[in-house]
Amino acid sequence: MGHDSGHGHDDDAAQYLPSEPALRVKALESLLVAKGLVDPAALDALIDAYAHRIGPRNGARVVARAWTNPAYKARLLRDATSAIRELGFGGRAGEHMRVVENTPSIHNLVVCTLCSCYPWPVLGLPPNWYKSAPYRSRAVIDPRGVLREFGLELEPGVEVRVWDSTAELRYLVVPERPAGTESLAEAELAKLVTRDAMIGVAR
Amino acid sequence: MNGVHDMGGMDGLGAIAREENEPVFHTRWEARTFALVLASGAWGLWNIDASRHQRELIPGPDYLRMSYYEKWLAGLVELLVKSKLVTRAEIVSDRPERGTAIARPALLAGQVAALLDRGTPFTRTVEVPARFALGSRVRARNLHPTGHTRLPRYARGHTGVVTADHGVHVFPDSNAHFLGEQPQRLYCVRFAAAELWGDSADPRDSVSADLWEGYLDGA
């Protein structure tokens, strides 16, 4: 990293800047464990939850349910938090949810310009590009350019609605149900739903 | 604060770099950092707004250079020190100082699932009358607080329409500084893209942000 770690500063304005994060994190974990502040097994459980259990397959189930069940979709659009909880998802970084729906004339795109807010219970942890400066800076001023970069060229006349996640309200996009999927059951439909479509950078 | 974290509308920050089949964590240290931040947050000594603000305090050039989890690590260390859970000497030596060990009950593995499932709701039941009705035209105030705020710079001074009333939510601008939750009405405000970005924006497009009542004037 070639950056001074900031060690030795002790005024209030000091900012710790890790020079070798892999080593620094290991040392910090050891220190916190030695002080009785952290249980390493709890860290394993937290990592396991987001590596294996909480991810975009959850959101895909919500979308597939909305595609096949009009009453569920109505509940989802009216009170997303409760409707998502019906499928067993909710909690951390998804305490308050809002769902927006794509139509042939409206395309929704979600961003967090100020940090990295993202609906964890239904999409898991965000990909790097979502948290990156290029996406955060451009999604609000040039959404169509951003979508083109993702390979999505919108038909003329489509309205783009960008949602900047500035509060504790996390957004999920219900993409349009693909044509020709009338015969598919909910579980099969869920396999067609991508993470990117639920952020709004894909269809 | 008008920091580099408030990025909406900036140019020149590069191309969007995507990674096919990106793993949830790229390295073990990223995963451990993520988990340390969540486990430490479970003590309840700080809140999500304080945590965000701590990362905003990273000097701009460093903020832009550092990776995501480096910023999380930097923020965590500062919060640990400010909360007097560790000392800077301990961060340097990596060893507990004699006589400083604090026996906080650590988050246990068996508590993790319930902790995540519960989350931390940010709505409050206090009765606060709504100043703005759906459809009201509002102007985002031209505020430049030096502390934490969730009013993006690109919206300040601009006029939009209230499209949703989300009820009463904890106010980040005070909560981040441990000045109380000061719950306020939170609205979704839709700004026409052309109002924010001028004539070059597509006249059909809009940007919506969720904004607290104190950020808004009637227009």
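The values are calculated or read from the model by the stated rules, or taken from the named source; none is laboratory data. As the structure is a computational prediction, the values presented were derived from the model and not from experiment. Heads up, the Cβs are rebuilt from the backbone with ideal geometry, glycines too, and the neighbour counts pull from every protein chain shown. The area values use the complete protein model at the heavy-atom level, side chains included, leaving out ligands, DNA and RNA. Shrake-Rupley method; radii C 1.70, N 1.55, O 1.52, S 1.80 Å.
Within the range B:97-109, does at least one residue satisfy the condition of being at pLDDT 95 or above, out of contact with any His (no Cβ under 6 Å at 6 or more places or on another chain), of a type in the set (D, E, K, R) and closer than 18 Å to B:V37 by Cβ? No, the conditions are met nowhere in the range B:97-109. The set of residues from the range A:126-140 being buried (at least 22 other Cβ atoms within 10 Å of the Cβ) and touching a helix residue (DSSP H, G or I) at 6+ places or on another chain (Cβ under 6 Å) comprises A:Y135, A:R138, A:A139. So for the range A:122-132 (the condition being assigned to a helix (DSSP H, G or I) and more than 10 Å from chain B (Cβ to nearest Cβ)), does at least one residue qualify? Yes, some residue in the range A:122-132 is assigned to a helix (DSSP H, G or I) and more than 10 Å from chain B (Cβ to nearest Cβ).
One residue stands out in the range B:43-94 among those that are over 17 Å from the mean Cα position of the chain (by Cα), crowded, with 18+ Cβ neighbours inside 10 Å and touching a residue at least 40 places away in the same chain (Cβ under 8 Å): the one that is farthest from B:G180 (Cα to Cα), namely B:L85.
Using the structure shown, decide if A:R138 is over 27 Å from B:H53 (Cβ atoms), within 13 Å of chain B (Cβ to nearest Cβ), in a helix (DSSP H, G or I) and not aliphatic (A, V, I, L, M).
No; evaluated as a whole, the condition is false for this residue.
Determine whether the range A:17-33 contains at least one residue that is open to solvent by less than 50 Å² (accessible area, probe 1.4 Å), under 26 Å from B:P59 (Cα atoms), more than 9 Å from chain B (Cβ to nearest Cβ) and modelled with pLDDT of 95 or more. No, there is no match, as no residue in the range A:17-33 is open to solvent by less than 50 Å² (accessible area, probe 1.4 Å), under 26 Å from B:P59 (Cα atoms), more than 9 Å from chain B (Cβ to nearest Cβ) and modelled with pLDDT of 95 or more.
Go through the range A:45-57 and report how many residues are facing chain B (nearest Cβ under 7 Å) and open to solvent by 10 Å² or more (accessible area, probe 1.4 Å).
Going through the range A:45-57 one residue at a time, the tally reaches 3.
Among the residues making up the range B:1-12, those that are open to solvent by less than 50 Å² (accessible area, probe 1.4 Å) and in contact (Cβ under 8 Å) with a residue 24 or more places away in the chain are B:M1, B:G3, B:V4, B:H5, B:D6, B:G8, B:G9. Kindly check whether there is at least one residue in the range A:149-170 that is more than 17 Å from the chain's Cα centre (by Cα), in a helix (DSSP H, G or I) and within 11 Å of chain B (Cβ to nearest Cβ). Within the range A:149-170 (the criterion being more than 17 Å from the chain's Cα centre (by Cα), in a helix (DSSP H, G or I) and within 11 Å of chain B (Cβ to nearest Cβ)), the answer is yes, since at least one residue qualifies.
With respect to being assigned to a loop (DSSP other than H, G, I, E, B), facing chain A (nearest Cβ under 7 Å) and either open to solvent by less than 60 Å² (accessible area, probe 1.4 Å) or out of contact with any Asp or Glu (no Cβ under 9 Å at 6 or more places or on another chain) (or both), B:L116 falls outside the description. Residue-level analysis places B:E22 among those that are open to solvent by 10 Å² or more (accessible area, probe 1.4 Å), at the interface with chain A (Cβ under 7 Å from one of its Cβ atoms) and acidic (D, E). The residue list A:L184, A:L123 contains one member that is in contact with a strand residue (DSSP E or B) (Cβ under 9 Å, 6 or more places away or on another chain) and among the aliphatic types (A, V, I, L, M), which is A:L123. Pairs are defined by a Cβ separation below 6 Å, a sequence spacing of at least 6 or placement on different chains, a first member in the range B:186-215 that is within 7 Å of chain A (Cβ to nearest Cβ), and a second member that is surrounded by fewer than 20 Cβ atoms within 10 Å (Cβ to Cβ); the pairs so defined are B:L186/B:H166; B:R204/A:E159; B:S206/B:R190; B:S206/B:A192; B:S208/B:R190.
Please go through the range B:70-90 and pick out each residue that is more than 7 Å from chain A (Cβ to nearest Cβ) and not charged (D, E, K, R). Matches in the range B:70-90: B:W72, B:G75, B:L76, B:L79, B:L80, B:V81, B:S83, B:T87, B:A89. Pairs, please: C-beta under 6 Å, at least 6 apart or cross-chain, first residue more than 13 Å from A:T68 (Cβ to Cβ) and in the range A:158-186, second at pLDDT 95 or above and basic (K, R)? Cβ pairs passing all conditions: A:E159/B:R204; A:T166/B:R150; A:L169/A:R98; A:Y171/A:R98. Annotation: A:V173 fulfils all but one of (1) surrounded by fewer than 22 Cβ atoms within 10 Å (Cβ to Cβ); (2) more than 12 Å from every other protein chain (Cβ to nearest Cβ); (3) of a type in the set (A, V, I, L, M, F, W, C); the unmet one is (1). Within this structure, B:T27 passes the test of being open to solvent by 10 Å² or more (accessible area, probe 1.4 Å), over 19 Å from the mean Cα position of the chain (by Cα), facing chain A (nearest Cβ under 8 Å) and of a type in the set (S, T, Y). Only a single criterion out of (1) open to solvent by 40 Å² or more (accessible area, probe 1.4 Å); (2) in contact (Cβ under 8 Å) with a residue 12 or more places away in the chain; (3) more than 23 Å from A:G157 (Cα to Cα) is not satisfied by B:F171, namely (1).
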